[in-house]
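First comes the structure, then the notes that go with it.
The values are calculated or read from the model by the stated rules, or taken from the named source; none is laboratory data. A quick note: this is a predicted structure, and the numbers were derived from the prediction, not measured. Neighbour counts run over all protein chains shown; Cβ positions are idealised from the backbone, glycine included. Protein only, heavy atoms only, side chains kept; ligands, DNA and RNA dropped before computing areas. Shrake-Rupley method; radii C 1.70, N 1.55, O 1.52, S 1.80 Å.
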Amino acid sequence: MADKIEFENVSVRFNTRWLALDNVSFSIKKGDFVFLVGPTGAGKTTVLRLIYGDILPDQGEVRIDGHPLSKISKRKLLEIRTKMGIVFQDLMLLDDRSVFENLAFPLRLRGDEDIMRKVVSTLKDINLTHKSNDIVSSLSRGEQQRLALARAMINEPEVLLADEPFSNLHKSDIDWLIDKMNKYNELGLTVVLSTHNFEVITRVPKARVLKIEEGRIILEH
Amino acid sequence: MNIRFYIQELFSIMRKSRSDFIFLLVIYFLSLVIFSAAIQSYSYISKLLDETFSASYMKVFFEDDSDERMVSLVRKCAEESPVVERVELITKEKARDEFKSRFPRYSALLELFPGSPFPQNLEIKFSSRALGVGYIDEFMGFLSNFPVVSNVQHNYTSAIQLYRIRKSLYGIWAILFLTFMVLYIPLNLSFMRSIFEREKKLFYLVEYFGSSRRKLEATFVLAMAIPLLLVSALTLVVFRNLGELLKIPIYPVVYLLLFFLFLQMIFSFDVLEK
């Protein structure tokens, strides 16, 4: 599952006038580390949303392991999503719940029997054990970002999608996140992340870079 | 399906919005108690009216030795009235027998008279339509004008008063119900929307983690219905006992509760839809 992500002549139009993506084609293989770079409004988030099936293309097709997302059932889409970990731009953490509860959420939803062990181990991994019972809204931005990444990874997905994970973070937090993602990638995880921070790209020498501007891929490296 | 997750989320939704739920509980309690009381008081007055009405009749007494053709004419006039249900001629002998069966302790008194001391009369039973139009008193005046008629009496007064009380109550409750609904619907919807807003993120997250949103929607609908179900159960117990005491049926209250539950479902789906 999720061995291959393919975009074939994909176009997305918002509000009938704004062309968010214009005839975009590329593919991502299992174990790839892909940076989507470009200015704000270039179409990076749209690419990520297309991958997890939040929106469908107006033209062309997005395929995950050969399954065209516009033709599969909602049930199949949800099944595909169980193999994806998503870090949203606005993090989408449950602000009124504790760090522990946020991490436990996907496990509880899946009916996991080993919640305590997995959450405790993850908390240790992201250095938030001492804040386990703290409410999310009391955490710093860097801690929240770490928590969002950990929550996306706790179900052991095959693909990690991260939308602007480095925005408004201190350098130390960015270093921590990029190291973590690198390690996950070395273990076989496919990573697709959007950023406008070009500096981080140099931290992952093996990474592929897709530069997007005005809805088109202008550079693939 | 991971039922435990949804049960935990159900309690989480209720805990997080407990002040809204308490307010909803109060609204439901007031509305159900007030309208159940209205329905049951209406039912009770209807029952009293039915009992009083079925025991009521009009008596048209004839002069002794009345012309039989005139008696027949009076009877025909009564029978042809569209609001008269039944007309029975009570002969002097039958009147005496009725007295004997009704008051056996005083039957010996009748031996003092050579024949029947009771006048021949007509017993008239009206249909319920007669209550509403002031017809009975008008008809009584009409029959009194016949020369063979010595006296006309009826005991419909209580039934007429009960009918008027019931009619007034119906009007008052109908206006109150409509006014209440105009306030209830937006108030209820706004509380439900504010509860939903607090949980909106949950609905997105569930889908992003690969689960169907439907189960969480069902959880939300159930959470919204719980205060109403609690109040409904309480209302049912109280008004069932009251119904047994007053010997009136409980089904109108059950219909009311089902109506409120139905509204609740529609509101919940409306909130989820938007």
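Couple of notes before you dig in:
- Comparing each chain alone with all protein chains together (probe 1.4 Å, DNA, RNA and ligands left out), the residues of segment B:209-226 losing at least 40 Å² of accessible area are B:Phe209, B:Gly210.
- The mean number of partner chain beta-carbon atoms within 10 angstrom of a residue's beta-carbon across peptide A:149-162 is 1.
- Only the Cβ atoms of Lys and Arg (+1) and of Asp and Glu (-1) were treated as charged; on that basis the dipole of segment B:57-154 about its Cα centre amounts to roughly 340 debye.
- Highest average packing first - B:8-14, B:174-180, Cβ atoms within 10 Å: B:8-14, B:174-180
- Summed over all non-identical Cα pairs, the Kirkwood treatment of segment A:25-177 gives a radius of 16.7 Å.
- Surface burial for A against B, with a 1.4 Å probe and both sides summed, reaches about 1900 Å² of accessible area.
- Diffusion constant of the protein assembly as shown at 4 °C, which comes from Stokes-Einstein with the Kirkwood Cα-pair radius and 1.567 mPa s, µm²/s: 43
- Alpha carbon centroid spacing (whole Å) that separates segment B:26-72 from segment B:209-260: 33
- Net dipole in debye of chain B [+1 Lys, Arg Cβ; -1 Asp, Glu Cβ; about Cα centre; nearest 20]: 1560
- For segment A:76-91, a drop of 50 Å² or more in accessible area on going from the chain alone to the assembled protein chains (1.4 Å probe) is found at A:Leu78, A:Arg81.
- A loss of 20 Å² or more of accessible area (1.4 Å probe, protein heavy atoms, ligands and nucleic acids excluded) relative to the isolated chain is seen in these residues of segment B:3-18: B:Phe5, B:Gln8, B:Glu9, B:Lys16.
- Solvent-accessible area per residue in chain A equals 46 Å², computed with a 1.4 angstrom probe and all protein chains kept.
- Point-charge dipole on Cβ atoms (K/R +1, D/E -1) for chain A, about Cα centre, debye to 20: 280
- Rounded tilt (10° steps) of A:115-125 against the dominant C-alpha axis of chain A: 80
- Charge dipole of chain B about the Cα centre (unit charges at C-beta), most positive-ward option of B:Ile7, B:Val206, B:Val71: B:Val206
- Simple spin-label estimate for A:Leu19 and B:Ser127 gives 7.9 nm between the two label positions (7 Å along the Cα-to-Cβ direction from each Cα).
- Rounded to the nearest 0.05, the FRET efficiency derived from the C-beta distance between B:Arg18 and B:Val238 at R0 = 25 Å is 0.50.
- Bridges between two residues of the protein assembly as shown, per DSSP, are antiparallel at a rate of about 65%.
- Acute angle (nearest 10 degrees) that the helix B:92-102 long axis makes with the longest principal axis of chain B, alpha-carbon atoms: 50
- Relative contact order of segment B:57-154, defined on C-alpha pairs under 8 angstrom at six or more residues apart (%): 49
- Here's how it looks for B:Ile90: its modeled amide H is under 5 Å from those of B:Asn121, B:Leu122, B:Glu123, which are all 5 or more places away or on a different chain.
- Relative contact order [Cα under 8 Å, 6+ residues apart], segment A:36-140, whole percent: 20
- Whole-percent carbon and sulfur share, accessible surface of the protein assembly as shown, 1.4 Å: 57
- Normalising the Debye intensity of chain B to I(0), with uniform scatterers on Cα atoms only, and taking log10 at q = 0.13, 0.15 Å⁻¹ returns -0.92, -1.08.
- Short-range pairs are left out: with C-alpha atoms under 8 Å and at least six residues apart, the relative contact order of chain B is 31 percent.
- Applied to segment A:18-35, the Karplus parametrisation 6.51 cos²θ - 1.76 cosθ + 1.60 on θ = phi - 60° returns per-residue 3J(HN,Hα) values of 7, 8, 6, 9, 10, 6, 9, 9, 6, 9, 10, 9, 4, x, 6, 10, 10, 9 Hz, with x for Gly and Pro.
- Backbone amide hydrogens, once placed in the peptide plane, bring A:Glu213 within less than 5 Å of A:Ile218, excluding anything fewer than 5 places away on its chain.
- Karplus (6.51, -1.76, 1.60) ³J(HN,Hα), θ = phi - 60°, over segment B:155-171, in Hz, Gly and Pro reported as x: 10, 8, 4, 4, 4, 5, 5, 4, 4, 5, 4, 4, 5, 5, 4, 4, x
- Residue (of B:Val148, B:Tyr57, B:Asn121) at the positive-pole extreme of segment B:57-154, dipole from beta-carbon charges: B:Tyr57
- Amide H contacts for A:Ala162 (H built 1.01 Å from N in the peptide plane; partners 5 or more residues away or on another chain; cut-off under 5 Å): A:Val87, A:Val192, A:Leu193, A:Ser194.
- For a paramagnetic label modelled on B:Phe262 (point 7 Å from Cα along Cα→Cβ), amide N atoms under 14 Å away belong, within segment B:220-255, to B:252-255.
- Choice from B:Pro114, B:Pro104, B:Pro82 showing the highest fluctuation, given a GNM over chain B with Cα pairs closer than 10 Å: B:Pro114
- Relative to the compact-globule estimate of 2.2 N^0.38 Å, the Cα radius of gyration of segment B:57-154 comes out at 1.16.
- Solvent-accessible surface of segment B:57-154, taken per residue with a 1.4 Å probe and all protein chains present: 60 Å².
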